[in-house]
1. Given Ile66, Ile21, Ile13, Ile62, which one is over 47 Å from the mean Cα position of the chain (by Cα), assigned by TED's automatic domain parsing to the domain that holds Val97 and not charged (D, E, K, R)?
2. From the residues in the range 317-340 that are of a type in the set (Gly, Ala, Ser) and exposed (fewer than 10 other Cβ atoms within 10 Å of the Cβ), which one is farthest from Phe297 (Cα to Cα)?
3. Given the criteria closer than 22 Å to Lys105 by Cα and outside any loop (DSSP other than H, G, I, E, B), does Arg35 qualify?
4. Hey, among Ser140, Ser73, Ser94, Ser84, which residue is modelled with pLDDT of 75 or more, over 30 Å from Asn223 (Cβ atoms), among the small types (Gly, Ala, Ser) and surrounded by 15 or more Cβ atoms within 10 Å (Cβ to Cβ)?
5. Does any residue of the range 161-184 turn out to be modelled with pLDDT of 70 or more and assigned to a loop (DSSP other than H, G, I, E, B)?
6. Could you name every one of the strands (runs of 3 or more DSSP E) located completely within the range 196-307 that has at least 1 residues being more than 21 Å from Ile321 (Cα to Cα) and among the charged types (D, E, K, R)?
Amino acid sequence: MDITIKRIIAPLIAVLISASILMVVRGVAFTFLHRWAERKGQKKIEDIVRTALRTPSVYWCIAIAIHSGIGFSDLPERYVFYLSKAIHVLVVFSVTVAAANLAGKIFRDYIQQSRLSIPSTGLAHGMVKGTILIIGLLISLSVLGISVTPLITALGIGGLAVALALKDTLENLFAGIHILVEKSIRVGDLIKLETGQEGYVEDITWRTTWIRMAPNNMVIIPNSRLTQSIVTNFHLPGKQMALSIPVAVSYASDPEVVERVLMEEVKRAVGEIPGLLGDPGASAMLIPGFGENSLNFTLTCQVREFSEKDLVQHELRKRIIRRFKAEGIAIPFPQRMVHLRGERETGEDGRGEGHENV
């Protein structure tokens, strides 16, 4: 009985007591962190630390508790050796998870807050975390005494068969990496596919790209298909774009007056119509010029981004119509002159042809 108590019960009690004390210390540490973050206004730091250490800290408590229990035990040296290996693997695994969570969280937050052109996507975030987890796995195998070199060689040979079996999946993966490196499409960009879909890029994952359409639904397209499509990116090289509005007036209008009226209305609208920019300035030109029924002007102005062009056109057209009415400038209706011939004439084939002038 004494031997059983010394070998099993006493170490078990030591493990439970140590684990309980460590969990209490863990809770106190997170509480202190929360109060410090509220006092200093550092909620972002608290969020990063909690995300990185919430789960790994539990493993650390367990590992330390088991180590403490071994000190109170009288187990054979063989069992102590195996338990020590298990503790080492648990510590390496937990540190790896903590490092992966921390790196992923810092990477995502830093990219979102900075002005770097590196996109914070699911694929990029997964690559950062995956790299750290693979390194941790290799270290764990080394701790267990498993040689890593033959394993890597075997994986290299078997990887060829896996690559053939997962051809489409790997094609999408490398296409996603190509999109990230090329930076032709970034998260937040407004794009239009050659098939007609138009929307904002929400995320680029390891297999697909998510595009949010105007009706607030998602178009999910494989990365390989996206790289092979003709894509219009309305945010490259910048969001600002030129907006051209055709304006038609009657031939009785004075072109100089029309040009002045258009320029005045645009200048007045700057600052009043959301998205309309005053720099660079607008222009009104008699282009394309002489139409069938009207003088055709083109009013060109700058808008902040593509999504605001419809509102700018809508408001500007209303202002132009009101100003034209006040200035007596007519906007002509389409006209067509038709000549009807009613007189009978005989052609070479002997058939009559009617002519009537109207």
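The values are calculated or read from the model by the stated rules, or taken from the named source; none is laboratory data. In this text, all values refer to a predicted model and were calculated from it rather than measured experimentally. All Cβ positions, even for glycine, are placed from backbone atoms using ideal geometry, and neighbour counts span all protein chains on display.
1. Details: Ile66 fails: over 47 Å from the mean Cα position of the chain (by Cα); Ile21 fails: over 47 Å from the mean Cα position of the chain (by Cα); Ile62 fails: over 47 Å from the mean Cα position of the chain (by Cα).
Only one candidate qualifies: Ile13.
2. Going through the range 317-340, the residues of a type in the set (Gly, Ala, Ser) turn out to be 326, 328, 330.
Restricting the remaining residues to those that are exposed (fewer than 10 other Cβ atoms within 10 Å of the Cβ) gives 326, 328.
Values: Ala326: 19, Gly328: 17 Å.
Among them, the one singled out is Ala326.
3. Working: closer than 22 Å to Lys105 by Cα: yes; outside any loop (DSSP other than H, G, I, E, B): yes.
So Arg35 passes the test.
4. Working: Ser140 fails: modelled with pLDDT of 75 or more; Ser73 fails: modelled with pLDDT of 75 or more; Ser84 fails: surrounded by 15 or more Cβ atoms within 10 Å (Cβ to Cβ).
Step by step, each of Ser140, Ser73, Ser94, Ser84 is checked, and only Ser94 is modelled with pLDDT of 75 or more, over 30 Å from Asn223 (Cβ atoms), among the small types (Gly, Ala, Ser) and surrounded by 15 or more Cβ atoms within 10 Å (Cβ to Cβ).
5. Yes, there is a match, as at least one residue in the range 161-184 is modelled with pLDDT of 70 or more and assigned to a loop (DSSP other than H, G, I, E, B).
6. On the way: elements: 198-204, 208-213, 218-222, 231-233, 241-249, 283-290, 295-303.
Counting at least 1 such residues, we get 198-204, 208-213.
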